[in-house]
Amino acid sequence: MSRIGKKPVTVPKGVTVTVNGHAVSAKGPKGELSRTFHPEIKIALAGEQVTVERPSDEARHKALHGLTRTLIQNMVDGVAKGYLRTLEIQGVGYKAEAKGNGLQLALGFSHPVHYPAPAGIKFTVDNNTVVKIEGPDKELVGQVAAEIRSLRKPEPYKGKGVRYQGETVRRKAGKTGAK
């Protein structure tokens, strides 16, 4: 039995949720999100709570039950508070700056790397080395952070590259001089 799926999603003040069949849309101060869910899962809006029900106790219905409830909760939280991912850039000459509707990165290549901001994503840069990615869609914020990190992953010898804030990189010992 999905323990997560049984919990109703409480809609906070300032957020409106509409359920139209299998499509759910949420609107709040941080933006608007909509998503279509699996047709076998029943979604109902009762007052200030969204409930999710499954048709049977099959394994796939149990999985969809918890997944659907969690995705709806993420939508509601995103339009109410928003999501934030922070990246750190380490390395001599490595830096970032918010330029236009995107991010300009100097990551040790012979050319600057431009990363355009998807719709709904906002970049802020502190001290040229800390990039904050904000938006209402948790999935999109995480995807953008992963794509920026993949431009220059932290290497194990000097630790240079783009990493998540608080991420620890396992360091390797370099070469030792032979006698």
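The values are calculated or read from the model by the stated rules, or taken from the named source; none is laboratory data. Keep in mind that what you see is a predicted model, and the values were worked out from it rather than measured. Glycine gets a Cβ as well: all are built from the backbone with ideal geometry, and neighbour counts include every protein chain shown. Keep in mind that these areas ignore ligands, DNA and RNA; they rest on the heavy atoms of the full protein, side chains included. Shrake-Rupley method; radii C 1.70, N 1.55, O 1.52, S 1.80 Å.
Just one of the listed residues (163, 149) is more than 12 Å from the chain's Cα centre (by Cα), open to solvent by less than 60 Å² (accessible area, probe 1.4 Å) and under 30 Å from residue 26 (Cα atoms), namely 149.
Taking residue 68 as the residue in question, decide whether it is out of contact with any helix residue (DSSP H, G or I) (no Cβ under 6 Å at 6 or more places or on another chain), in contact (Cβ under 8 Å) with a residue 24 or more places away in the chain and in a strand (DSSP E or B). In short, no.
Please verify whether the stretch 146-159 includes one or more residues that are under 20 Å from residue 36 (Cβ atoms) and assigned to a helix (DSSP H, G or I). Checking the stretch 146-159: not a single residue is under 20 Å from residue 36 (Cβ atoms) and assigned to a helix (DSSP H, G or I). Starting from the stretch 87-106, keep only residues that are without any contact (Cβ under 8 Å) to a residue 12 or more places away in the chain, then list their pairs with residues that are surrounded by fewer than 17 Cβ atoms within 10 Å (Cβ to Cβ) whose Cβ atoms are within a distance under 6 Å, requiring at least 6 positions of separation or different chains. Going by the 6 Å Cβ cut-off, the qualifying pairs are 104/97; 104/112; 104/114.
Within the stretch 120-137, the set of residues being of a type outside the set (Phe, Trp, Tyr) and crowded, with 19+ Cβ neighbours inside 10 Å comprises 121, 125, 131, 133, 135, 136, 137. With the requirement that a residue be touching a Lys or Arg at 6+ places or on another chain (Cβ under 8 Å) and farther than 26 Å from residue 76 by Cβ, what does the stretch 122-141 give you? Across the stretch 122-141, the qualifying residues are 125, 126, 128, 129.
Contact map, the stretch 142-162: residues that are within 25 Å of residue 74 (Cα to Cα) paired with residues that are in a loop (DSSP other than H, G, I, E, B), Cβ distance under 7 Å, separation 6+ or inter-chain. Pairs shown: 144/118; 144/121.
Give the residues of the stretch 108-119 that are open to solvent by 60 Å² or more (accessible area, probe 1.4 Å) and under 24 Å from residue 91 (Cβ atoms), sorted by residue number. Break it down stepwise before answering.
Start the filter on the stretch 108-119 by keeping residues that are open to solvent by 60 Å² or more (accessible area, probe 1.4 Å), which leaves 109-112, 114, 116, 119.
Of everything in the stretch 108-119, those that are open to solvent by 60 Å² or more (accessible area, probe 1.4 Å) and under 24 Å from residue 91 (Cβ atoms) turn out to be 109, 110, 111, 112, 114, 116.
Of all residues in the stretch 80-107, those satisfying the criterion of being open to solvent by 20 Å² or more (accessible area, probe 1.4 Å), closer than 30 Å to residue 24 by Cα and not polar (S, T, N, Q) are 80, 81, 82, 83, 84, 85. Considering the stretch 149-178, the residues that are more than 27 Å from residue 103 (Cβ to Cβ) and hydrophobic (A, V, I, L, M, F, W, C) include one that is modelled with the lowest pLDDT, namely 178. If you take the residues in the stretch 1-34 that are of a type in the set (A, V, I, L, M) and open to solvent by 80 Å² or more (accessible area, probe 1.4 Å), which one is nearest to residue 50 (Cα to Cα)? Selected residue: 4.
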